[in-house]
Amino acid sequence: MIDLRSDTITKPDEPMRRAMAQAEVGDDVLGDDPTVADLEKRLANFLEKEAAVFMPSGTMANQVAVRTHTEPGDEIIVEAGAHIYYYEAGGPAALSGVMCRLIEGRRGIFSVRQLRDALRPGDLHFPRTRLVCIENTHNRGGGSVWPIETLAEVCSIARQAGLAAHLDGARLWNASVASDVPEREYCRHFDSVSVCFSKGLGAPVGSCLAGTEEFIRRARRFRKLFGGGMRQAGILAAAAIYAMRHNRKRLADDHSNARLLADELAKLPGIELDPSEVETNIVFFHVTTMPAAELVKKLRASGVAVLALGHDTVRAVTSLEVDWQDIMRAVDVFRKICK
Ligand code: TLP
């Protein structure tokens, strides 16, 4: 099976497994796990934030951030296709009791003017808006990378309006590799940042939330409340440390494989796709001759797995589980089915 469903399907390789097996561990809820502490420190230094906390998932890292920034009845501003709103099971409402004010971005990216339009005057009729969330790269935006100037301006307007800013950086590594803007340069504009180790970086589990000492101290309490306090989690942190050290730079290969896939698919009848929009490892396209679900079924029967993300929309994601030969084999399968 050539698995292009997501970069979450990546499995730890032998050297990563060895690093996990050798990790020193302790009870992290009691503050005793040296490998978790090491990861949190390294990540905070790397992103130039004061502190970080290890989390079981990107979803928990985002939802703990929302909870830590807000009180029930507050409002957060979030892009309409953002993971925090679209794919986290109603977390903001269920776990934080907040309302989401949506902005429709272009490929997940919104403008300063759109943010200004969403800001509310201080008036007792309105909820208190507390937080703006940005996703970089933007998953449903097709792995799009926020231009650093737009991101900086949006965060500065948010700050002037007294709002905090959170970055869902599950794929921040991809954004940095694609744009050559270091991760810390993006992070500088945010009060909190979540990153994932279990997607393109290839670790089996784990994310981190980073911010000020005070923010992370409060976030640790919400992680516990949400059931995310882990005990001998050093074996997972060791995989994350290994992933950060060894698998960041190679994301460039995933990006060129995604571009190759996009270039080839764009030539096929029945597929609508603009390869110039493929900036990282995510390829979205439209199917014009059959429902997306039917194409997905046919591909699967011929050994290629992708996801239908709408009636006529399909997503394919490259990762360290596939090389360019796999991509060309997948293209052959697409070609047969489309013809
Ligand atoms: N994304 C998954 C699915 O949940 C859609 C995927 O296959 O792409 N932020 C972003 C931008 C994400 O894309 C994801 C996962 C998360 C957060 C959540 O991470 P996990 O799965 O660790 O909770």
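Under the classification rounded if a/c is under 1.5, otherwise prolate if a/b is larger than b/c and oblate if not, where does segment 44-157 fall, given a ≥ b ≥ c as square roots of the Cα gyration tensor eigenvalues?
Because its axes are fairly even, with a/c under 1.5, segment 44-157 counts as rounded.
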| field | Only Lys, Arg (+1) and Asp, Glu (-1) charged, at Cβ; segment 3-140 dipole about Cα centre in debye | value | 720 debye
| Length gained when the stretch residue 286-residue 111 is fully extended (0.36 nm per residue, less Cα-Cα span) | 60.4 nm
| task | Please say if the chain is rounded, prolate or oblate, where rounded means a/c under 1.5 for a ≥ b ≥ c the square roots of the C-alpha gyration tensor eigenvalues, and otherwise the choice is prolate for a/b larger than b/c and oblate otherwise? | result | oblate
| note | Within the chain, the percent of DSSP beta bridges that are antiparallel, given to the nearest 5, stands at 50 percent
| message | Given the -39500 (n - 2.57) contribution per DSSP H run of 4+ residues, what per-residue ellipticity at 222 nm results for the chain, rounded to the nearest 500 deg cm²/dmol? | response | -12000 deg cm²/dmol
| query | Counting Lys and Arg as +1 and Asp and Glu as -1, what is the net charge of the other residues whose Cβ lies under 14 Å from the Cβ of residue 60? | reply | +3
| query | In debye to the nearest 20, how big a dipole does the chain give about its Cα centre with +1 on each Lys and Arg Cβ and -1 on each Asp and Glu Cβ? | reply | 440 debye
| said: What are the extents of the Cα atoms of segment 250-338 along their three principal axes, in Å, largest first? | reply: 35, 25, 21
| said: Before I look further, what does segment 98-170 give for accessible area per residue, probe 1.4 Å, in whole square angstrom? | reply: 46 Å²
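Quick one: which of 267/336; 267/339; 298/339; 199/249; 199/298 span more than 18 angstrom between C-alpha atoms?
Table pairs above 18 Å Cα-Cα are 199/298.
Which shape class, rounded, prolate or oblate, goes with segment 102-203 when its Cα gyration tensor gives a ≥ b ≥ c as root eigenvalues, a/c under 1.5 marks rounded, and past that a/b bigger than b/c marks prolate?
prolate
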| note | If every Lys and Arg gets +1 and every Asp and Glu gets -1 at its Cβ, then about the Cα centre segment 117-198 yields a dipole, in debye to the nearest 20, of 240 debye
| remark: In whole percent, the fraction of accessible protein surface over segment 250-338 that belongs to carbon or sulfur atoms, probe radius 1.4 Å, stands at 51 percent
| task | In nm, give the distance between the simple-model label positions of residue 94 and residue 120, each being 7 Å from the Cα along the Cα-to-Cβ direction. | result | 2.4 nm
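The values are calculated or read from the model by the stated rules, or taken from the named source; none is laboratory data. Remember, it's a predicted structure, so these values are computed and weren't measured experimentally. Note that we place each Cβ from the backbone using ideal geometry, even for glycine, and neighbour counts take in every protein chain shown. Surface accessibility is based on the protein's heavy atoms, side chains included, excluding ligands, DNA and RNA. Shrake-Rupley method; radii C 1.70, N 1.55, O 1.52, S 1.80 Å.
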